[in-house]
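J.: Before I ask anything, here is the structure I am working with.
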Amino acid sequence: MGGLVLKRALTIVRNRSSGFNLSKSSAGLVFFATPHRGSDAAKLAAMGSDLMKVLQLGKSTTKSAHELKEFSASVQDIHTNFIDISRQYQVLSFSELKGYPGIGLVVDDYSSHMEIDTERYKIGIAATHTDICRFPSDSNGNYMMVIDMLQMFVRQLMVDPDNDMAGESFNTIKATLPYRIPSKDTRDSRSAHSRDFSWQDSSKKTGASESITSASIGINSLSDEPWKSNHISTTPKTQLTNRLPYFFEQGFCFRDEELKMISDHFRDEKFKIPAFGIYGEGGVGKTQIALRHIYSQSQETQTYKAIFWFQADTEDKLANDCDAITIQLGLQEKRSSLEEARRLFNLWLQDTSDWLLVFDNVEDMSMVAPYWPTSISSRGYIIVTSRNPQIARAPLTLSRGVESFSIVDGTKMLLSELSSYTQDEEIVASEITTKLGALPLAIHHLACFARDRQISLSEVLKLYEEEEGMVLLDTISLFDPDSIPTHLIEHFKTPKAVLISSALGNRGLHSKAMSNLYSRSLVRKKGSRTSHILSIHRLIQSAVRRRWTDRQRMSAFSKAAFCIEQVYPRQVKGQSMAEMYSECATYNSHMLSIHEYFCRNKDQLVPTVEYAEILAHCGWYYYERAQLSTSMEILRTAEQICLRLLEGKMNPTLGLVYNNISCIYSARRQRKENMEYIRLAIRHREASISRDDPEIQQLGISYMNYANVLQSRSVMQLEEAETYYMKALEIRENCPGATPEGLELTLNAIGSFKFIAGDLKGSQPYIERAIALHSQLKVDTTFTLHTLYVWGDIQWAIGMRHDGYQTQLRCLEGMKRLEGEYHWMTGVSYHKVGCFAHMLGKESEAIKNLRAALQTFRGVDCAPGFVPRTCLVLGKVLVEKGQRLDDTDIITEGEGLKQEGSDLAFAITGRRDNMETTRDFDELVARSYR
């Protein structure tokens, strides 16, 4: 209760106008298992009762116990009042991880954390409530971890620029510390194998926890826009990394040889960036070996300045982790393109030494290649874990395969973690170990459950085998393990769900089944008790999958596919999914996890057309996000499923799949394949969708896409193209299911077609109609922004130059909001604005935007003509400026860009013509839609 007293005291002092101001003399607060809050008064009262029990006071009637029961609302009031003043303090909260027999945790995870913005760290201690502040010796692991965290916490307070403590107060506290606090311009000068930080006394060792939780990764940018800087310098700023998975230290054993190999290899000076691979079947403990290496660094000869943990099983997760890291490092203020985040991160790695990268659960080394350091100017270390033994080659410098424990060793591990056991339990332990596939951490998990609940192994086995709980566990085991929305497995209003599984469709049975899984810690909630996000440990997930028979595998897949089919967003009548991007992102990792499992086991699984349809929508999302390889992989699976199930029948789902595949071929400029798949889409949609069905709008999309190909330069069948455009427009205007978004898209396509063909007068009415529809649309999409782009060109062409320029500026701002600063379509807008600015005499604006366009095109995968076109235009503008100012440096830069553009243009056209006009420049870029 001391934490409650402190919070109340600070609240009272804050309201006093005289006397010693405790609040202004305090910068940080540390709480040990303080009951900050409860779900209700009864919860807090029960917590007080449990506290009295563990203090062996029984049914105590002491004042403190009575008050906590009688006035539990006051405890919540203390917390509520403290929230109002909490912003001036940085908070470190420790929570208990060990419970008592018959009681469990006294102060649970929810109660011990305040969940306020300034609560920097939330650390669990492997101790009971009464032992959380009592340590047997200064060599105790809990003691060392707490001291390390306190030291790091204080150091951060002293270097925090937002800290209000200054002057005498700062110096007074600073003088009492057993280590030096760095000034803001201190440079971290540790060598590759230094064990202590530069601001510590030479005799002061760095603790193990600090090796895990701190990273000297502050950024001192050379630009007001650090994400655009080409050079990055570092200054030490200790930060906590919260990306590490949970390490089960108590149950870790039998991996000393692997750990020694990693440490020895990382000491080998022969390699500038030693990269160690750990491979083996799912669940054998590869991740835990990497974590153990990190946690043991206080006892090794090197300490890492920064530790970056990448979840590397999908491209999405790699990209998201890289984005988050660059934002954390201050390299960018918000998420930008994938290419730009990778570029900035790679520059940081080049300028910094003594970092550790961990790529966990790598499926294919080609996925991590874009994040692999490309320079050896600095010393760093890499660990890769994978199920794939083929990773054991370059760029890894050493690899090691690991295997599951034998049943005998697994049984020994399980029994060794129990305080006592009977002879009968030895047999049960072997049976449990077998069911768990002898996976080390799954065994540890079950041992903790039995020990904490004070139940026998026979009771554990009985609970483990309860049917409905196992049905849900089987289903969850096919999702991505990290963030599973609870509504993904809650379908109480869907009649079909009860037929699939009563645990999915019946609220009561679902609740009972989930309670069983929670009680056994097979799944857990992320965050507070009221969280709607679940997670399951990968080792448990792997153990569940390994026990499946063919029938169980099919059942689990059917249920997981059903769940994702109920929630994944659909592309509506061929329109953009931009409005649903965030919703798609919630489910994409689960969609990809199920898809990956299906591809690995498709000979044993029987999918449905409904599953193929939801894959088609997911594939379209990735197409819109320009992740064409992922999109094609998903759509190919959908195509194979349809061909397998439909046996030649015409079907709208297959028409959707073919349409979406054709769009990928269009983006890749594979005209032959593009036309082939559009024709297939039209054939299936004409045969399977009637004109009174709202889905007929999908056929209108295919007509429009086919027209797009027909009018392209490689085909140039303009009359037939116009015929199909008009067929698409007729469906948009006269058939059910039409939407403003769909009509806008078709009008845009027709207007663009006519404008490109030189029919300015014919183009204008269609684009004006499309623009008029924008007020009815909820969000900007690439389609609506393309309409703006064409409208700006038309305004310019009819003499409304100022209006055209303003329209292109609006288009550019829209592209930056939608796709980010570093996307090739944003680059196109930069180029157009730069060209218009030049012709309007806005020289500075022209150069600024053309430079931005060139930087974008150099950094992304785009059509080959974009870079030479912008080089030639920017070179021309710079030469004109240099000649006007008589500045040879500017002229030299301009001539260099023109020469580069000319060389690249020659590779495309085979000509060395003197390109000077806008028409010459635009000839380099193939026209494309979307």
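J.: Enumerate the calculated ³J(HN,Hα) couplings along segment 93-99 in order (Karplus 6.51 cos²θ - 1.76 cosθ + 1.60, θ = phi - 60°), each rounded to whole Hz, writing x wherever the residue is Gly or Pro.
T.: 10, 9, 10, 7, 10, 10, x
J.: Can I ask one more? 5 Å is the cut-off here: which amide hydrogens, built 1.01 Å from N in the peptide plane, fall below it relative to residue 307, excluding neighbours closer than 5 in sequence?
T.: Amide H to amide H, under 5 Å and 5 or more residues apart or across chains, residue 307 pairs with 356.
J.: Assuming 0.36 nm per residue, please report the length gained on full extension of the stretch residue 254 to residue 776 beyond their Cα-Cα distance. Please list the in-between numbers first.
T.: Working: separation 522, 0.36 × 522 = 187.92 nm, distance 6.46 nm.
Difference between extended and current length: 181.5 nm.
J.: Rounded to the nearest 0.05, what FRET efficiency do residue 131 and residue 264 have when you use their Cβ-Cβ distance and R0 = 51 Å?
T.: After rounding, the FRET efficiency stands at 0.90.
J.: Here is a further query. Quick one: 3J(HN,Hα) in Hz for segment 106-111, Karplus 6.51/-1.76/1.60 with θ = phi - 60°, rounded, Gly and Pro as x.
T.: Couplings: 6, 10, 6, 4, 4, 6 Hz.
J.: Then there's this: What residues qualify as long-range amide H neighbours of residue 362, i.e. H under 5 Å apart, gap of 5 or more or another chain, H built at 1.01 Å from N?
T.: 385, 386, 387
J.: Okay, moving on. For residue 90, list long-range residues whose amide hydrogen, built 1.01 Å from N in the peptide plane, is under 5 Å from its own amide hydrogen.
T.: 28, 29
J.: Looking at segment 395-429, which GluC sites (Glu not before Pro) are DSSP coil and have at most 13 other C-beta atoms within 10 Å of their C-beta?
T.: Those that pass, being in a loop and sparsely packed, are 403.
J.: Between residue 884 and residue 424, what is the label-to-label distance in nm when each label sits 7 Å out along the Cα-to-Cβ direction?
T.: Here the answer is 9.5 nm between the modelled labels.
J.: Tell me, what HN-Hα J-couplings in whole Hz come from the Karplus equation 6.51 cos²θ - 1.76 cosθ + 1.60 at θ = phi - 60° for each residue of segment 729-736, using x for Gly and Pro?
T.: For segment 729-736, the Karplus-derived couplings read 5, 4, 5, 4, 8, 10, 10, x Hz, x marking Gly and Pro.
J.: Got a sec? What order do 5, 368 fall in by accessible area at 1.4 Å, biggest, i.e. largest, first?
T.: Correct descending sequence by accessible area is 5, 368.
J.: Order 385-391, 266-272 from most to least packed using the mean count of other Cβ atoms within 10 Å.
T.: So the peptides 385-391, 266-272, ranked by packing, come out 385-391, 266-272.
The values are calculated or read from the model by the stated rules, or taken from the named source; none is laboratory data. A quick note: this is a predicted structure, and the numbers were derived from the prediction, not measured. Positions of Cβ are backbone-derived with ideal geometry, glycine not excepted, and every protein chain shown enters the neighbour counts. For the accessible areas, the whole protein counts, side chains as well, though only heavy atoms, and no ligand, DNA or RNA atoms are used. Shrake-Rupley method; radii C 1.70, N 1.55, O 1.52, S 1.80 Å.
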